[in-house]
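**Student:** Here it is, the structure in full.
The values are calculated or read from the model by the stated rules, or taken from the named source; none is laboratory data. Note that the structure is predicted; figures quoted are calculated from it, not measured. Backbone-built Cβ (ideal geometry, glycine too); neighbour counts: all protein chains shown.
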Amino acid sequence: DAGVTQSPTHLIKTRGQQVTLRCSPKSGHDTVSWYQQALGQGPQFIFQYYEEEERQRGNFPDRFSGHQFPNYSSELNVNALLLGDSALYLCASSWVGERIRFGQGTRLTVV
Amino acid sequence: GDSVTQMEGPVTLSEEAFLTINCTYTATGYPSLFWYVQYPGEGLQLLLKATKADDKGSNKGFEATYRKETTSFHLEKGSVQVSDSAVYFCALNIQGAQKLVFGQGTRLTINP
């Protein structure tokens, strides 16, 4: 059974560009959350999707948006990229009563 | 708001030494507490957890006890190995929220 899968694994973008990161949750999980982990820091919660709706949101600007599809997979979109958006982006999936599972992450570098 | 504070790193120990990584938290509800480990180039793996006061989580020789009176969840291991070298994160989850709040992480290096 595949766990949480994220794509791509690495990405280089230029300031001002837009990026889309993708996540497939663990089979049976219906909730997807996204975290940003800057170098040397702990992961910070961006937002969470459940039933194709954003259910919770952390302290991130509107440049960060997302989507959840009927098959529970999710996308994270970041517009107008800044150098400070360079980070490891982690997707986590969960289901009530089961532990949260993390993907391997997408390393985004903004130059 | 909810927050987690970990001891500053990096921590460097010799093999077979005793390990303690301190973690304290602030939460408005009744959180579950976790330790996650991150090996180089990898995502986060759950190491252990505790869901209520006085619970002890344990895994792979690591232990942590949920202390409500001191709002702490310190990670301990009696004899560390080189393979324990990684970054360790303390985290909390308000029950039902399925959202984790992490500490800043502690980098642990074990020398042979």
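This table checks each residue for (1) away from chain B (no Cβ under 13 Å); (2) over 11 Å from the mean Cα position of the chain (by Cα).
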{"residue": "A:I46", "(1), (2)": "no, no"}
{"residue": "A:N59", "(1), (2)": "no, yes"}
{"residue": "A:F69", "(1), (2)": "yes, yes"}
{"residue": "A:N77", "(1), (2)": "yes, no"}
{"residue": "A:L90", "(1), (2)": "no, no"}
{"residue": "A:V96", "(1), (2)": "no, yes"}
{"residue": "A:R101", "(1), (2)": "no, yes"}
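**Student:** Just checking, does segment B:91-107 include any residue being farther than 26 Å from A:G58 by Cα and either touching a residue at least 40 places away in the same chain (Cβ under 8 Å) or not charged (D, E, K, R) (or both)?
**Tutor:** Initial filter on segment B:91-107 (farther than 26 Å from A:G58 by Cα): none.
No.
**Student:** Between B:S58, B:S72, B:S85, B:S79, which is more than 14 Å from chain A (Cβ to nearest Cβ), surrounded by fewer than 20 Cβ atoms within 10 Å (Cβ to Cβ), closer than 20 Å to A:G40 by Cβ and at pLDDT 95 or above?
**Tutor:** Values: B:S58 fails: closer than 20 Å to A:G40 by Cβ; B:S72 fails: closer than 20 Å to A:G40 by Cβ; B:S79 fails: closer than 20 Å to A:G40 by Cβ.
Selected residue: B:S85, the only one of B:S58, B:S72, B:S85, B:S79 that is more than 14 Å from chain A (Cβ to nearest Cβ), surrounded by fewer than 20 Cβ atoms within 10 Å (Cβ to Cβ), closer than 20 Å to A:G40 by Cβ and at pLDDT 95 or above.
**Student:** For the subset of segment B:40-74 comprising residues that are assigned to a strand (DSSP E or B) and among the polar types (S, T, N, Q), which member is nearest to B:R107 (Cα to Cα)? Quick ask: steps written out before the conclusion?
**Tutor:** Step one: of segment B:40-74, the residues assigned to a strand (DSSP E or B) are B:45-50, B:56-59, B:62-65, B:67, B:72.
Of the ones still in play, those that are also among the polar types (S, T, N, Q) are B:45, B:58-59, B:65, B:72.
Working: B:Q45: 15, B:S58: 20, B:N59: 19, B:T65: 21, B:S72: 19 Å.
My answer is B:Q45.
**Student:** Considering only strands (runs of 3 or more DSSP E) fully contained in segment A:1-109, which possess at least 3 residues that are touching an Asp or Glu at 6+ places or on another chain (Cβ under 8 Å)? It would help to see each step written out before you state the result.
**Tutor:** On the way: elements: A:5-7, A:10-13, A:19-24, A:31-37, A:44-50, A:53-57, A:64-68, A:74-78, A:87-94.
Per the criteria, A:19-24, A:44-50, A:64-68.
**Student:** If a residue has to be touching a Gly at 6+ places or on another chain (Cβ under 6 Å) and at pLDDT 95 or above to count, how many in segment B:88-112 make the cut? Let's see the steps before the verdict.
**Tutor:** As a first pass, look at segment B:88-112 and keep what is touching a Gly at 6+ places or on another chain (Cβ under 6 Å): B:89-90, B:94, B:102-107.
Checking which are at pLDDT 95 or above leaves us with B:89-90, B:102-107.
Residues in segment B:88-112 being touching a Gly at 6+ places or on another chain (Cβ under 6 Å) and at pLDDT 95 or above: 8 in total.
**Student:** Condition first: surrounded by fewer than 17 Cβ atoms within 10 Å (Cβ to Cβ) and free of Cβ contacts under 8 Å to residues at least 12 places away in the same chain. Can you find one or more residues in segment A:7-29 that meet it?
**Tutor:** Within segment A:7-29, none of the residues are surrounded by fewer than 17 Cβ atoms within 10 Å (Cβ to Cβ) and free of Cβ contacts under 8 Å to residues at least 12 places away in the same chain.
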